[in-house]
Amino acid sequence: MIKIPRKKLLIGLLAFVLLLFIAGGVFGYWFWSSVFKNNVNPDKGEVAYLFIPTGSDFEDLKTNIIKSNLLKNTNSFFWVAKRKNLASHVKPGRYEIKAGMSNNEIVNLLRSGKQKPLNVVFNNIRTSGQLAGNIAQQIEADSVSIIELLKDKTFLEQHNLNTETARIIFIPNTYQFYWNTDAKQFFNRMLNEYQKFWTELRKQKAKSLGMSIAEVSILASIVDKETNQNNEKPRIAGVYINRLHDNWKLQADPTVVYAVGNFEMKRVLNVHLETDSPYNTYKYAGLPPGPICLPTIAGIDAVLNAEKHGYYYFAARPDGSGYHNFAKTYNQHLNFARQFHKYLNDRKIKN
């Protein structure tokens, strides 16, 4: 047997211990880096979002994370995710990933399902198709599913709606939703908001006008398209209520625009007045069957609080202000209308 000198044995032992210490340090640093060190790609800024679609599994999540380029090191993330069994806790949603977050924090966030809500905004919407497209760009619900609900007669009848009036429940505002909201959840939430909006006071005001909620909303949509000036809307609403009470045709230009379907029109011509549509209030008496846009809160309240006056006519002022001149007689109205037509002609606005 070869006898190793005690000094060499001691040196070798120390070297081995040192190597173990170094290896342990390297592993410890690697472990700390993998689990607790910032792993968010700085190119993504202070805040970025990870979207996990409904029905995703862990493989889908891995693909999504790689494509998103949110992380500096995806391998270390997947290593941590595997040890924390993220595969059994994949939850759909929109997750806020902040600068400086570690793999451990991100995995814990995804496991928790604590997604970040977002603000859903919609306004100036004219048709069901526009509404569906707008909402589908903001939440997970696809436009086809939204359209199908807006056309589902059985579903609508449960809420005293039909395919023409369904849009009145979508009152333009800002609403918080989770991104993974589906079409039915979205519809039910908006129905709930609509029911909260229509307080007993508002219902009583509608009743005193001899109008249903749907009728108020339809008239409000016309008022909204007549002017952007909210302080003038109650007066315009009063004109239309006067016409309805005296069994006049509404003869509202915005309804003709809706009937024609060209929402870029700046001038309604005689040829447009012949458009055969239930939305053409020059051709058909009473209110159209549905709103010509999503009625705003200002428009609805303008109808409910319409001015009581003797005006039956109005024409846009020839100054580009968006306000109108009101008249009690047709001759007065013709004078105001001629002034506005001259204003349009001078600016070569023909359609």
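The values are calculated or read from the model by the stated rules, or taken from the named source; none is laboratory data. Just so you know, these numbers come straight off a predicted model, no measurement behind them. When we count neighbours, we look across all protein chains shown, and the Cβ atoms used for this are built from the backbone with ideal geometry, even at glycine.
Considering P278, P288, P254, P295, which residue is assigned by TED's automatic domain parsing to the domain that holds K205 and either farther than 27 Å from S212 by Cα or part of a helix (DSSP H, G or I) (or both)? Outline the logic, then answer.
Working: P278 fails: either farther than 27 Å from S212 by Cα or part of a helix (DSSP H, G or I) (or both); P288 fails: either farther than 27 Å from S212 by Cα or part of a helix (DSSP H, G or I) (or both); P295 fails: either farther than 27 Å from S212 by Cα or part of a helix (DSSP H, G or I) (or both).
The match here is P254.
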Quiz item: Limited to segment 161-174, what total is found for residues that are surrounded by fewer than 17 Cβ atoms within 10 Å (Cβ to Cβ), under 9 Å from the mean Cα position of the chain (by Cα) and either of a type in the set (D, E) or closer than 19 Å to P291 by Cβ (or both)?
Solution: 1
Quiz item: Using beta carbons and a limit of 8 Å, which pairs, at least six apart or on different chains, have the first residue in segment 114-141 and part of a helix (DSSP H, G or I) and the second one of a type outside the set (G, A, S) and loosely packed, with under 14 Cβ neighbours inside 10 Å?
Solution: S128/K151; A132/V144
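Can N180 be described as over 23 Å from V121 (Cα atoms) and in a loop (DSSP other than H, G, I, E, B)?
On the way: over 23 Å from V121 (Cα atoms): no; in a loop (DSSP other than H, G, I, E, B): yes.
So N180 fails the test.
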Quiz item: So which residues in segment 97-139 are touching an Asp or Glu at 6+ places or on another chain (Cβ under 7 Å) and not charged (D, E, K, R)?
Solution: A99, A136
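Tell me, yes or no, whether segment 196-205 has at least one residue that is under 20 Å from the mean Cα position of the chain (by Cα) and charged (D, E, K, R). Break it down stepwise before answering.
To start, the set of residues in segment 196-205 that are under 20 Å from the mean Cα position of the chain (by Cα) comprises 196-197.
Going one step further and asking which of them are charged (D, E, K, R), we end up with 196.
Yes; the residues of segment 196-205 include at least one that is under 20 Å from the mean Cα position of the chain (by Cα) and charged (D, E, K, R).
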Self-check item: Flag for E157 being among the acidic types (D, E) and modelled with pLDDT of 95 or more
Solution: no
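Test S221 against the stated conditions and say whether it is under 19 Å from Q130 (Cα atoms) and either touching a Phe, Trp or Tyr at 6+ places or on another chain (Cβ under 9 Å) or in the same structural domain as Y330 (by TED's automatic domain parsing) (or both).
Working: under 19 Å from Q130 (Cα atoms): yes; either touching a Phe, Trp or Tyr at 6+ places or on another chain (Cβ under 9 Å) or in the same structural domain as Y330 (by TED's automatic domain parsing) (or both): yes.
Yes.
Search segment 257-275 for residues being assigned to a loop (DSSP other than H, G, I, E, B) and β-branched (V, I, T), and hand back the single one that is farthest from M211 (Cα to Cα). Don't jump to the end; show me each part of the working.
Just the residues of segment 257-275 that are assigned to a loop (DSSP other than H, G, I, E, B), to begin with: 261-271, 275.
So of that shortlist, the ones also β-branched (V, I, T) come out as 268, 271, 275.
On the way: V268: 28, V271: 32, T275: 27 Å.
So the residue we want is V271.
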Practice problem: Answer yes if at least one residue in segment 283-294 is surrounded by 17 or more Cβ atoms within 10 Å (Cβ to Cβ) and modelled with pLDDT under 95, and no otherwise. | Solution: no
Quiz item: If L131 passes every condition in (1) modelled with pLDDT of 95 or more; (2) touching a helix residue (DSSP H, G or I) at 6+ places or on another chain (Cβ under 6 Å); (3) surrounded by 18 or more Cβ atoms within 10 Å (Cβ to Cβ); (4) not assigned by TED's automatic domain parsing to the domain that holds L70 but one, which one does it miss?
Solution: (2)
